[in-house]
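All of the numbers you see were taken from the coordinates with simple rules; none came from a lab. No experiment lies behind these values; they were computed from the predicted model shown. No Cβ is skipped: glycine too gets one built from the backbone with ideal geometry, and neighbour counts run over all protein chains shown.
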Amino acid sequence: MALYPQDPLFRSVSVGLKFTTDISPSDNGHQQAVDRDGASAEIDIKYNKLSYAEAMRVRAFLVSLRGRAKTCDLILPVESHTMGDIAGSTIQATSLTAGGSNTLVFKNGQPNKTLRYAGEWIQLAGHDKSYMLVSDLVTDASGNGIATFEPALYSQVLANEQIIIDEIKFKVNASSDITKTDLQPGKQYSFSVKFTEAIR
Amino acid sequence: MRTDITPSMQSAFESGEFKAHKIMALNTSSPIYLTDAPYSIVVGANTYQPIKGRVKWPDLETTLENKKGSITVELPNTDRAFDAITVAEGYTDKWLSIGEVYWDKANTLLGYIELWAGAQTKIETTETTAKITAASYHSIFEVTRAIRTTEESHSRMFTSGKGDDRTFWWAPTARQFKVKG
């Protein structure tokens, strides 16, 4: 899978999970809400002014994706990494867990560590989807623990499947079929791009 | 008004916070079970698989009475799967049912309610979509009942042609008339 260029650096990254909810609010504050499971990550990237060479590199990569046709891996600054202590931990699912579950029991972590924090991302090896932790990923004295995340699992997880806790690669496709770069005076380009998580 | 809402479903609805996903079964020789949930859902003996593409559900009323009319559901068909199925099996008399599965706020599966069911009457496929139209059994009866006959057309149904002079008894009014030849 092609990896989106890490150079030039992004000026800013906006990433969020988009849920779908049918909600019926009243003027007095009472309301009813119907939840639809599933949420895709949507990512906006903005650059500082790019030099000609940088702009051509980014543009060529996006064109190689043929608009929205192909997917790529995207490693984001900060978001793909953790402030937790992951050294020495390669954690795995303890048992088979069905799709639709919001929790995953895991094993083989370093004991008594906070591997990742709530609000950070995790993935499963071989799966396209990225999930966001809603509670800290902590291990007990035996190196075991429970991951709690959103949205619910898109597909079942087998026992011993690896849970990725470092360098999350978002699998994405461009949100547009056309790549436009704005040429500014002095051969400086201004450019931003939007991605949508792709589960294929 | 529905009468098949279970107490647990009713409690979930009244809580103002529950989860719902649609399911659809198309009874081809190998039945197709689909859901708009991102993961597979087991309901009864069947496993409903996520629809990988855009789907347009018809507007459905959650009512038990008179599931009348035709509905059209639009499914993704970029893999042309429905073309192959239609060629192999035809499209009439394939039963289509659409329901909704419910969970309470604690994510406990509560069961499902069938919202609509009927027999497929039409399929339109394009490069990207398959539009399946189905008519409910009420509609099928209506269509049959809706055949209108005149005295003349009725006589043509029972005789080989004009020129016969016969007497018919027109039920239920038992009105006697003669066919003009």
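Numerical summary
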| quantity | calculated |
| --- | --- |
| Efficiency of FRET from Cβ geometry, residue B:17 and residue A:146, R₀ 30 Å, rounded to 0.05 | 0.80 |
| Inter-part distance where segment A:106-127 and segment A:158-196 are each reduced to a Cα centre, Å | 24 Å |
| When the convex hull of its Cα atoms is projected in every direction, mean area for segment B:1-114 (nm²) | 8.1 nm² |
| Förster radius 56 Å - calculated FRET efficiency between residue B:131 and residue A:188 (Cβ-Cβ, nearest 0.05) | 0.70 |
| Whole-Hz ³J(HN,Hα) from phi, Karplus 6.51 cos²θ - 1.76 cosθ + 1.60, for segment A:12-22, glycine and proline x | 8, 10, 10, 9, x, 9, 9, 8, 10, 9, 8 |
| Members of A:49/A:70; B:105/B:131; A:107/A:129; A:129/B:22; A:18/A:180 lying beyond 29 Å, as alpha-carbon distances in this model show | B:105/B:131 |
| Calculated [θ] (222 nm, deg cm²/dmol) that DSSP helices of n ≥ 4 give over the protein assembly as shown, each run adding -39,500 (n - 2.57) | -3500 deg cm²/dmol |
| Segment residue A:2-residue A:167, length gained on full extension (0.36 nm per residue, minus Cα span) | 57.9 nm |
| Under-5 Å amide H pairs with residue A:134, H placed in peptide plane, nonlocal only | A:119, A:148, A:149, A:150 |
| DSSP-assigned coil residues among GluC sites (Glu not before Pro) in segment B:29-117, each with at most 13 further Cβ atoms within 10 Å | B:61, B:65 |
| 14 Å reach of a label modelled at residue B:52, 7 Å along Cα-to-Cβ, counting backbone N of segment A:164-200 | A:198-200 |
| Relative contact order %, chain A, counting alpha carbon pairs below 8 Å whose residues are six or more apart | 26 percent |
| Estimated inter-spin distance, residue A:42 and residue A:159, nm [label 7 Å along Cα→Cβ] | 4.1 nm |
| Efficiency of FRET between residue A:20 and residue A:53 - r from beta-carbon atoms, R0 51 angstrom, step 0.05 | 0.80 |
| Phi-based couplings in Hz for segment B:122-136 (Karplus 6.51, -1.76, 1.60; Gly and Pro marked x) | 7, 9, 10, 10, 10, 4, 10, 9, 10, 9, 9, 10, 9, 10, 6 |
| Formal net charge of residues neighbouring residue B:112 (Cβ-Cβ distance under 11 Å; K, R +1; D, E -1) | -2 |
| Proximal charge balance of residue A:71 [Cβ under 12 Å; K/R count +1, D/E count -1] | +3 |
| Inter-label distance for residue B:80 and residue A:98, nm, one decimal - labels placed 7 Å from Cα along Cα-to-Cβ | 3.7 nm |
| Virtual spin-label span in nm between residue B:45 and residue B:6, 7 Å along Cα→Cβ | 1.9 nm |
| Packing-based exposure ordering (other Cβ within 10 Å, fewest first) of A:132, A:1, A:56, B:24 | A:1, A:56, A:132, B:24 |
